[in-house]
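The numbers here are math on the coordinates, done by the rules we state, and not lab data. Note that the coordinates shown come from a computational prediction; the quantities given were computed from them, not determined experimentally. Reconstructed Cβ throughout: ideal geometry from the backbone, glycine too, with neighbour counts over all protein chains shown.
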Amino acid sequence: MTARRPATLALLLLGLLGACSSDNTPDVDGQALAGRRAACAACHGKTGIAQAPNFPTIAGQPTEYLVQAMTAYREGRRDNAIMNGQMRGFTDAEIQALAIYYHQQSSPLARMPEHAGARVDNDQGVTQ
Ligand code: HEC
């Protein structure tokens with residue numbers, strides 16, 4: 001019994017990993033969603049890279065953060081005239097699929113430093 005436990009645990013973990021990394025969000029028409037992403041591309045680029053400095057680059061951002069941001073725009077909890085309109089009518093499953101898509105795109109932005117012990121420059125340019 002004890003000898004079989006690690007194998008069972010490994011199988012369970014593999015199953016969880018598989019479930020987490022799945023791209024196929026249920027209840028989403030992938031082609032229709034790709035069509036709707038064309039509207040986003042005008043500002044965020046086809047792969048989430050901003051087309052002008054006043055638009056954010058969304059490529060590579062964490063899926064969870066993107067879901068939160070898009071849901072907040074849809075529900076008016078995050079107030080932006082453009083994005084409140086853009087997110088109207090998207091279901092939770094579609095927002096999840098959009099978030100996975102943009103998360104998976106490679107980003108030109110620098111990676112954030114680790115939060116614990118991160119060094120921050122003050123406005124005199126001195127590293128503390
Ligand atoms: C007309 C330009 C425009 C279009 C089209 C547009 N966006 Fe945006 N988007 C913006 C701007 C500007 C912001 C920043 C708004 C703010 O200050 O909150 C933004 C913010 C976002 C954010 C939050 C980014 C962050 O770092 O917090 C996400 C996610 C996002 N947009 C996704 C989308 C998606 C998905 C679509 C298509 C359905 C879309 N946008 C269409 C201009 C646009």
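Ranked by the mean number of other Cβ atoms within 10 Å per residue, highest first, peptides 40-46, 67-73 order as 67-73, 40-46. Rg over Rh for the stretch 46-106 works out to 0.95, using Cα positions for both radii and the Kirkwood form for Rh.
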